[in-house]
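Let me begin by handing over the structure; questions about it come next.
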Amino acid sequence: MPTSSLTLPIRRLTLADLPAALDLSADRSWSREEHKWRLLLSAGTGYGIDAPPNDPEGGLIGAFVLTSCPGYGCVGMVLVARRHERRGLGGRLMRHAIAEAGERVLFLYATDNGRPLYERLGFRAVGAVTTLRGAFVPDGPDGRAEPGVRVRPAGAADLPGILALDLPVAGMDRTHLLTRLPAFADALAVAHDADGRLTGYGAAWPNPGTAVIGPLIAENPATARALITFLGARATAPLRFDVDDRHPDLARWLRDRGLSGELRSTLMVRGAAALPGDISRRFAPYSVALG
């Protein structure tokens, strides 16, 4: 690869770049996640490097998406084409992300391959998730119900309550992301107590071959299980759930109900000791590309 490719400009991506972004994902053996990419390029800002003129394959040779909330930014979909890897493009993309973020705290979910790069750039590990997939069996081996938890489909009138519940748990204002959930998700549900008080919400959205559950916020594990059961029973594809290491009981419960997997991603933060919010009520990210 000619060294001039390291000086190719990094430009902003638009929805017109979606086919090239999907091709770049496929080049790295990632799924062609069109639905997710559309959200990322709409709610966040994509950046990419075009192939040099002498590259016969053309297209994008590198990309990432920066999704911002006040004070924070999440870096996702960091990709470098195989034919251009190990040439410094990944570091260049990440330094651009850091520059674009300015004073904001940055975070991301890292694969094992990407983690050494992020550590060199000042990110530190603060947690991890394990991706579980499988056909969900609602009643499981013990068949226990969740007494006192009521779950129903969410409506437009629930959005203010969802936003109010999410803010202290996520620790950041995610309004611009959560207001997209009704259009993005196949199913959006809320949990409430006998007095009608909102106690949790969750969504399931389509990805190639799976229904991804996330985000999922709940005041306690029983409410989280009830939301998962409600969404899982209505899913038309196997579930995917990115379960945090800090919720081992939930991981066991999901495995008992048909999900499995060992793929891990490390949550890393730059510019703060940890992410804000309340992990005891944060059960699933929106996605590992969005936090």
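The values are calculated or read from the model by the stated rules, or taken from the named source; none is laboratory data. Because the structure is a prediction, the values reported are computed rather than measured. Glycine gets a Cβ as well: all are built from the backbone with ideal geometry, and neighbour counts include every protein chain shown. Protein only, heavy atoms only, side chains kept; ligands, DNA and RNA dropped before computing areas. Shrake-Rupley method; radii C 1.70, N 1.55, O 1.52, S 1.80 Å.
Please return the ranges of strands (runs of 3 or more DSSP E) entirely within region 181-291 where 2 or more residues are within 30 Å of residue 116 (Cβ to Cβ) and out of contact with any Lys or Arg (no Cβ under 6 Å at 6 or more places or on another chain).
It comes to 210-218, 239-244, 260-270, 282-284.
Give the number of residues within region 262-284 that are open to solvent by less than 40 Å² (accessible area, probe 1.4 Å), closer than 15 Å to residue 165 by Cα and not small (Gly, Ala, Ser).
Here the count works out to 2.
Still on this structure, please answer the following. In region 235-291, which residue that is polar (S, T, N, Q) and in contact with a helix residue (DSSP H, G or I) (Cβ under 8 Å, 6 or more places away or on another chain) is nearest to residue 202 (Cα to Cα)?
In this case the residue turns out to be 287.
Looking at 221, 153, 147, 208, can you tell me which residue is farther than 27 Å from residue 33 by Cα and either aromatic (Phe, Trp, Tyr) or loosely packed, with under 15 Cβ neighbours inside 10 Å (or both)?
147
So for region 85-102 (the condition being without any contact (Cβ under 8 Å) to a residue 24 or more places away in the chain, surrounded by fewer than 20 Cβ atoms within 10 Å (Cβ to Cβ), closer than 21 Å to residue 270 by Cα and out of contact with any Leu (no Cβ under 9 Å at 6 or more places or on another chain)), does at least one residue qualify?
Looking through region 85-102, at least one residue is without any contact (Cβ under 8 Å) to a residue 24 or more places away in the chain, surrounded by fewer than 20 Cβ atoms within 10 Å (Cβ to Cβ), closer than 21 Å to residue 270 by Cα and out of contact with any Leu (no Cβ under 9 Å at 6 or more places or on another chain).
Could I ask something else about it? For region 224-247, which positions are in contact (Cβ under 8 Å) with a residue 60 or more places away in the chain, surrounded by fewer than 22 Cβ atoms within 10 Å (Cβ to Cβ) and small (Gly, Ala, Ser)?
Those that are in contact (Cβ under 8 Å) with a residue 60 or more places away in the chain, surrounded by fewer than 22 Cβ atoms within 10 Å (Cβ to Cβ) and small (Gly, Ala, Ser): 233, 235.
From the list 74, 69, which one is modelled with pLDDT of 95 or more and either open to solvent by less than 10 Å² (accessible area, probe 1.4 Å) or in contact with a helix residue (DSSP H, G or I) (Cβ under 6 Å, 6 or more places away or on another chain) (or both)?
74
Continuing with this model, one more query. May I ask you to say which residue of 250, 165, 259, 159 is surrounded by fewer than 19 Cβ atoms within 10 Å (Cβ to Cβ) and aliphatic (A, V, I, L, M)?
159
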